[in-house]
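So the structure is just underneath, and the comments pick up after that.
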Amino acid sequence: MPAKNANDADNNFAYFFRESLSVVTNSYLTGRREGDKRVLLYEPPVKLERKGGDPLSMAVTQTYLISGVNGGFKAKTTSYSYELMVKKDRNLETIVEFHWHPDITPKLKWPHVHIKGNTAEGELGRKHFPTARLAVEDFLRFLIRDFDVKPRLSYAVWKEILTRNKREFVANASWLDWKPLI
Amino acid sequence: MSSNFRVKLDPLRRVAHARSPPFRHLKLQLTKHGLLISLRANGEPKMPKTQNRVVGIKWVSKAGLKKALDSRARRVLGVSGVDFEKRYSMGNLGPRSLDGKTGTVELAALCFFTKDQRARKKRK
């Protein structure tokens, strides 16, 4: 349901985003408003608590646009970048990056992932492996499930937050009828 | 142990302690169901600080975001933010211009928020 005014639309969107991130961190996000466009980001990357292994960090950037729809206002994601890094020898080394930036790259409109890995084909870092359109909740679940990132909240609480916010995100998505590879 | 020892030495203090109310915190709250009275007994542990605090947002100026851009440009491409902006505005940062580097486009997305928007308007 669209918000009554632009401020409400902005606050609603930002709240879901912030609440989901609270599952793994308590660091402040950096934000900037420029007209009807917004950016929320973590830069420098924030540390993640982990059950074991080398320390991990994540950098998140989300840009969105507040636009009028059906007599109300709605926030629409215009690009995202979710990055996971590991600290090795005092340097942050990227492991995986989930990107979507259709407005900036007209020839590359699909959501994609960059994976750092060397194969017989060579470095895979520059390849754009197509993915589904991700929400930050998907990324956070991936970190918890596959990289043993320790949630700050109890299992019941964080699961409820991520499920609820993902459901809300899908319910309000304007890209469900979008055909990314066509 | 030490407090017990002191109480034995000072019986008056012991009496004073016994007279203190059996609860420490009284909270009254008017809800739609009526008056809610909550008490916390002496010795009952304090509630832990809430852990599910939602992260905040620090809204920054153009200069603040330039700092973030600079930090990211150095981390991702090994150049300063100013250098990146200059090269980007001159069109020197195509998709293949920095071999083996991803993240150029994400930096370009940030550039929109650090640009002087008034400068983009054409003068009549």
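Suppose every Lys and Arg Cβ carries +1 and every Asp and Glu Cβ carries -1, with no other charges. What dipole size does chain A come out with about its Cα centre, to the nearest 20 debye? Each step should come with its number before you reach the end.
Values: 29 positive and 22 negative charges, 32 e Å.
That gives a dipole near 160 debye.
Work out from phi, with θ = phi - 60° and the Karplus expression 6.51 cos²θ - 1.76 cosθ + 1.60, the ³J(HN,Hα) of each residue of region A:68-83, listed in order in whole Hz, and give x for Gly and Pro.
x, 9, 6, x, x, 10, 9, 9, 10, 5, 9, 6, 8, 8, 10, 10
Give a quick list of chymotrypsin sites (Phe, Trp or Tyr not before Pro) in region A:12-114 that DSSP marks as loop, anything other than H, G, I, E or B, with at most 10 other Cβ atoms within 10 Å.
none
Is there a pair in A:37/A:76; A:88/A:159; A:47/A:88 whose C-alpha atoms are over 21 Å apart, and which pairs would that be? Spell out each step's value before the answer.
Working: A:37/A:76 10 Å; A:88/A:159 30 Å; A:47/A:88 13 Å.
Cα-Cα > 21 Å for A:88/A:159; rest within.
So what J values fall out for region A:35-50 if you push phi through Karplus, 6.51 cos²θ - 1.76 cosθ + 1.60 with θ = phi - 60°, rounded to Hz, Gly and Pro as x?
With the stated coefficients, region A:35-50 comes to x, 9, 9, 9, 9, 10, 8, 10, 8, x, x, 9, 6, 10, 7, 9 Hz.
Going toward the positive end of the dipole of chain A, with +1 on Lys and Arg Cβ and -1 on Asp and Glu Cβ, which of A:122, A:20, A:77 do you reach last?
Result: A:20, furthest along the dipole toward the positive end.
Sort out the exposed loop GluC sites (Glu not before Pro) in chain A (DSSP loop, at most 13 other Cβ within 10 Å) and tell me the longest stretch that has none.
Looking at chain A, A:50-120 is the longest stretch - no exposed GluC sites (Glu not before Pro) with at most 13 other Cβ atoms within 10 Å.
Residue-wise, which Karplus ³J(HN,Hα) couplings in Hz belong to region A:137-151, taking 6.51 cos²θ - 1.76 cosθ + 1.60, θ = phi - 60°, and x for glycine or proline?
Running phi through 6.51 cos²θ - 1.76 cosθ + 1.60 with θ = phi - 60° gives 5, 5, 4, 5, 4, 4, 5, 5, 6, 9, 10, 6, 6, 8, x Hz.
When the chain is fully extended, how far beyond the present Cα-Cα distance does residue A:4 get from residue A:154, taking 0.36 nm per residue of separation?
50.6 nm
Where a number appears in this text, it was derived from the coordinates with a stated rule and is not lab data. The structure displayed is predicted, hence computed values, not measured ones. Note that we place each Cβ from the backbone using ideal geometry, even for glycine, and neighbour counts take in every protein chain shown.
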